[in-house]
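A quick write-up on the structure given underneath.
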Amino acid sequence: MQKLIVQGGQRLRGKVNASGSKNSSLPILAATLLTKEECIIRHVPDLSDTNYMLQILCELGAEVERASGTMSVKAEKIKHDAPYDLVRKMRASICVMGPLVGRLHKATVSMPGGCVIGDRPVDLHLKGLEYLGADVKVDGGNINIQAGKGGLKGTSMNLQGRFGSTVLGTDNVLMAAVLTKGTTIIEGAAAEPEVEDLANFLNKMGAKIEGAGTTRIVVEGVKELHGAEHTVIPDRIEAGTFIIAGAICGDGVMVKRCVPAHLRPLTDVLQASGYDVTTTKDSVTIMPAKSPKGFHLTTRPHPGFPTDMQAQMCALACTTPGLSSAKETIFPQRFMHVPELKRMGATIELDGDTARITGVEKLSGCPVMASDLRASAALVLAAINAKGTTEVHRLYHIDRGYEHLDDKLATLGAVMERARE
Ligand code: EPU
């Protein structure tokens, strides 16, 4: 195991490129299982999660070749079962379920277990597949799915759940529906850019999908899909993390190769707080605020404020004068960063799904524990701005979802090094 030793008190300045999106790459790689032909996927970030997805594809029978960020996947003959040993390390492995059912009309996928960011059920994924006519049984820790005799059939459904739409649930149903007879209408679909990116790739493979990127997706089933090439969209959460770093302790940070429209929910909050944010077609620049004000955000499905940037915004609030708040409606318990930020001297009161944060002048470095991916990123950002040295333990959480985060922050002026635990 590794830890990150961060020397605090640095100012960040300069330009950094966004990597390809993790949360687009994972379902898009899974979607290559839908055809026997070769698919080429570009701009896949080098992360433990994407590497793990490639390993799963190999285990299912696909041939995978990689040349830096470009992946070639040919899934000529594949198996229908993804057992516990294969999928237990990453919850997002569940997104092989839709393609397996779509192509093979059956799948056995291990049921995902608990998660530090809260209870993460898959009932909506299963409900969606049942709407399509699949028989779903959970037995011995596995989800067994079998299409009826005539295969799956298109239908109308609403995938909205108690906490809003589901991203991977929408992906799974979409990937099963593309090879299903008739028309499928998904109401209450997730409108995240990553779902739209997946649909764009599926359409390049020969699928007929309209409305992706909105809450109503219409899929006209086709008989088969063919190979295709696709470049994954930039990672809006990684880009947003650098922008927040620029707000916390920057003297002008430009994030290049991103999609500013995907970052609007974040840049709107930052502008309201007093930051000078400017955009071009593919970059966002944040300049320091003369007198930043506290902010209040509520996480919601896209185009609302993303839950994946809530922790990093809490890190910003820690040293923003006045009172700020972050209400988490998607994963109401996603606050593992709070006790660690408090150890660094933050003033945070946690009241159910809401963190109320009163800004202090400076945090102070100390050993902290990374938990989930975004909570860990928040601790690194807080550490760059803190007084003294911070050791962020369990660094592997960050390597799951940020491509070379430490190197990229170092190019902006942060001082940090990896060491063995
Ligand atoms: N939910 C259900 N039933 C389901 C599925 C979800 O009740 O069957 C609930 C969840 O418990 C949660 C809400 O619906 O309260 C939204 O969950 P969603 O299904 O959208 O999450 P996900 O698809 O499993 C993806 C991202 C997460 C991101 C969420 C929300 C990937 C690989 N993961 O997860 O990303 O937080 O959408 O936007 O795309 C991360 O990158 O750090 C991360 C956790």
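The values are calculated or read from the model by the stated rules, or taken from the named source; none is laboratory data. Every value quoted in this text rests on a predicted model; they were computed, and no experiment measured them. Here the Cβ is made from the backbone with ideal geometry for all residues, glycine too, and neighbour counts use every protein chain on show. Accessible surface areas use protein heavy atoms only, side chains included; no ligands, DNA or RNA. Shrake-Rupley method; radii C 1.70, N 1.55, O 1.52, S 1.80 Å.
Classify segment 189-343 as rounded, prolate or oblate, taking a ≥ b ≥ c as the square roots of the eigenvalues of its Cα gyration tensor: rounded when a/c is under 1.5, otherwise prolate if a/b is larger than b/c and oblate if not. Display every interim value, and only then the final one.
Numbers: a/c = 2.75, a/b = 1.87, b/c = 1.47.
The shape class here is prolate.
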If Lys and Arg each add +1 and Asp and Glu each add -1, what is the summed charge of the other residues whose beta carbon sits under 13 Å from the beta carbon of Glu63?
-1
How far is the Cα center of segment 99-134 from the Cα center of segment 352-375, in Å?
34
Only helices counted: for the chain, with every DSSP H run of 4 or more residues adding -39500 (n - 2.57) and the sum spread over all residues, [θ] at 222 nm is -9000 deg cm²/dmol
For segment 24-148, just say rounded, prolate or oblate: build the C-alpha gyration tensor, square-root its eigenvalues into a ≥ b ≥ c, call rounded for a/c under 1.5, and beyond that prolate if a/b exceeds b/c, oblate if not.
oblate
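Using a 1.4 angstrom probe on the protein heavy atoms only, could you order Asp171, Asp351 from most to least accessible area? Can you show the working numbers first?
On the way: Asp171 0, Asp351 80 Å².
My answer, sorted largest first, is Asp351, Asp171.
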Have a look at Thr329, Asn385, Met369 and report the one farthest towards the positive end of the charge dipole of segment 301-390, computed about the Cα centre with Cβ charges (Lys/Arg +1, Asp/Glu -1).
Asn385
Using Cα positions and a limit of under 12 Å, work out the aspartates and glutamates in reach of Lys208, with same-chain residues fewer than 8 apart set aside.
Glu220, Glu224
Fully extended, how many nm does the chain gain between Glu65 and Val116 (0.36 nm per residue separation, minus their Cα-Cα distance)?
15.1 nm
Positive-end extreme of charge dipole, the chain - chosen from Val269, Leu54, Leu152 (charges on Cβ):
Val269
Whole-number percent relative contact order across the chain, with pairs defined as alpha carbons under 8 Å at least 6 apart:
21
What is the calculated FRET efficiency for Asp81 to Lys290, with r their C-beta to C-beta distance and R₀ = 51 Å, to the nearest 0.05?
0.30
So for segment 199-292, taking the charge dipole from beta-carbon charges (+1 Lys/Arg, -1 Asp/Glu), which of Ala212, Ala228, Val255 sits furthest toward the positive end?
Ala212
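Rounded to the nearest 20 debye, what is the charge dipole size of segment 244-293 about its Cα centre when +1 sits on each Lys and Arg Cβ and -1 on each Asp and Glu Cβ? Walk me through the numbers on the way to the answer.
Numbers: 6 positive and 4 negative charges, 16 e Å.
Approximately 80 debye in magnitude.
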Most packed first (mean Cβ within 10 Å per residue), the peptides 252-259, 377-384 order as 377-384, 252-259
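Suppose every Lys and Arg Cβ carries +1 and every Asp and Glu Cβ carries -1, with no other charges. What dipole size does the chain come out with about its Cα centre, to the nearest 20 debye? Numbers along the way, then the final one.
Details: 48 positive and 46 negative charges, 63 e Å.
Its charge dipole is roughly 300 debye.
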Zero-based 10 Å bins, Cα pair distances in the chain, whole percents
5, 23, 31, 24, 13, 4, 0
Taking every DSSP beta bridge with both residues inside segment 250-396, roughly what % is antiparallel (nearest 5)?
65
Principal axis dimensions, segment 23-96 - Cα atoms, whole angstrom, descending:
29, 26, 16
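Given the pairs Lys127/Lys181; Lys15/Lys204; Lys74/Lys204; Lys74/Lys137; Lys149/Lys223; Lys293/Lys342, which span a C-alpha to C-alpha distance of over 24 angstrom in this model?
Working: Lys127/Lys181 18 Å; Lys15/Lys204 33 Å; Lys74/Lys204 16 Å; Lys74/Lys137 30 Å; Lys149/Lys223 16 Å; Lys293/Lys342 20 Å.
Violating the 24 Å Cα-Cα cut-off are Lys15/Lys204; Lys74/Lys137.
Once you order the gyration tensor axes a ≥ b ≥ c over the Cα atoms, which shape class does segment 120-164 get: rounded for a/c under 1.5, otherwise prolate or oblate by comparing a/b with b/c? Don't skip to the end; give the middle numbers.
On the way: a/c = 4.59, a/b = 1.13, b/c = 4.08.
Since a/c reaches 1.5 but b/c is at least a/b, the shape of segment 120-164 is classed as oblate.
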Using Cα centres only, tell me the gap between segment 142-214 and segment 236-255 in whole Å.
33
Counting Lys and Arg as +1 and Asp and Glu as -1, what is the net charge of the other residues whose Cβ lies under 15 Å from the Cβ of Lys181?
+3
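At 1.4 Å probe size, put Ser364, Ser19 in order of accessible surface, largest to smallest.
On the way: Ser364 50, Ser19 10 Å².
Ranking Ser364, Ser19 by accessible area, largest first, yields Ser364, Ser19.
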Using heavy-atom solvent-accessible surface (probe 1.4 Å) with all chains present, what is the largest-first order of Thr155, Thr183, Thr170, Thr411?
Thr411, Thr183, Thr155, Thr170
How much of the accessible area of the chain, in percent, comes from carbon and sulfur atoms when a 1.4 Å probe is used?
48
Among 84-90, 101-107, 213-219, the order from most to least packed when residues are scored by Cβ within 10 Å on average
101-107, 213-219, 84-90
Mean accessible area per residue over the chain (1.4 angstrom probe, all protein chains present, square angstrom) is 40
